[in-house]
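J.: Before we start, here is the structure in question, set down as structure tokens.
The values are calculated or read from the model by the stated rules, or taken from the named source; none is laboratory data. Only a predicted model underlies this, so the values are computations on that prediction, with no experimental measurement involved. Note that we place each Cβ from the backbone using ideal geometry, even for glycine, and neighbour counts take in every protein chain shown. Quick note on the areas: whole protein, heavy atoms, side chains included, nothing else; ligands and nucleic acids left out. Shrake-Rupley method; radii C 1.70, N 1.55, O 1.52, S 1.80 Å.
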Amino acid sequence: MVTAILNNPGAVAGQEVYQGSGAVFFRGNKATGFAVAKGDILVKDTGTAPDSYKLATGAAVSADTKISLAKGGLWYVTGGDTIEPGDVVMLSTTVAGQTVKSTAVTTVAIQQAVVGTSYGFADSFGTGLPVASVVGDLYVLELGHQTAG
């Protein structure tokens with residue numbers, strides 16, 4: 001069950017937690033055959049020329065050819081399982097655009113799979129008492145290729 005948000009009302013998937021969190025914005029080509037929702041995490045599609053961006057798994061068709069993208073920063077995103085503050089996350093293999101706690105166990109797998117680090121459930125962010133998010137909850141993701149520890 002998705003947990004209600006009281007401390008950070010108005011928080012939605014794909015929203016930057018606050019301006020100046022380090023996000024870099026750019027426009028990119030979007031692979032055909034994918035509908036992308038705000039807040040989805042995308043991967044590079046090297047099978048196109050020039051390279052474009054897509055969901056890691058198939059989705060509904062969309063005719064859009066360009067997409068607004070961001071790298072870095074703090075974002076509200078939807079989690080696909082229980083994710084503790086400080087957990088590194090990877091793309092979900094079952095729900096396109098969502099993230100799950102990383103199951104990578106080798107250095108190479110971690111470097112290839114990690115998309116960022118959880119700062120905890122969206123409503124506990126900034127309270128000093130971060131808690132885990134559960135399936136369907138918004139959580140704060142530091143988007144970037146790093147590991148916590």
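J.: What does the accessible area of residue 101 come to, in Å² to the nearest 10, when a probe of 1.4 Å is used?
T.: Taking all protein chains as shown, residue 101 has close to 90 Å².
J.: So for the chain, averaging the separation of alpha carbon pairs under 8 Å that are six or more residues apart and normalising by length, what relative contact order in percent results?
T.: Relative contact order for the chain comes out at 26 percent.
J.: Got a sec to turn the phi values of the range 134-144 into Karplus ³J(HN,Hα) couplings, 6.51 cos²θ - 1.76 cosθ + 1.60 with θ = phi - 60°, whole Hz, x for Gly and Pro?
T.: Values, residue by residue: 10, 3, x, 6, 7, 9, 8, 10, 7, 7, x Hz.
J.: Mind listing the phi-derived Karplus ³J(HN,Hα) values for the range 64-76, rounded to whole Hz, using 6.51, -1.76 and 1.60 with θ = phi - 60°, and x for any glycine or proline?
T.: Couplings: 4, 10, 10, 8, 8, 10, 9, 10, x, x, 10, 9, 7 Hz.
J.: To continue, here is another question. Only Lys, Arg, Asp and Glu count, each charged at its Cβ (+1, +1, -1, -1), so figure out the dipole size of the chain about its Cα centre, rounded to 20 debye.
T.: It works out to roughly 420 debye.
J.: Sticking with this structure for a sec: For residue 119, what accessible surface area do you get with a 1.4 Å probe? Give it in Å², rounded to 10.
T.: Using a 1.4 Å probe on the heavy atoms, I get roughly 80 Å².
J.: Amide H of residue 102: which non-local residues (sequence gap of 5 or more, or other chain) have their own amide H closer than 5 Å, using H built in the peptide plane?
T.: Those lying under 5 Å, H to H, from residue 102 are 88, 89, 90.
J.: Moving on. Need one value: the accessible area of residue 64 in square angstrom, 1.4 angstrom probe, rounded to the nearest 10.
T.: Rounded to the nearest 10, the figure is 90 Å².
J.: Let me ask something additional. Go through the range 32-37 residue by residue and turn each phi into a ³J(HN,Hα) via Karplus (6.51, -1.76, 1.60, θ = phi - 60°); whole Hz please, and just put x for glycine and proline.
T.: Rounded to whole hertz, the list is 6, x, 10, 8, 10, 9.
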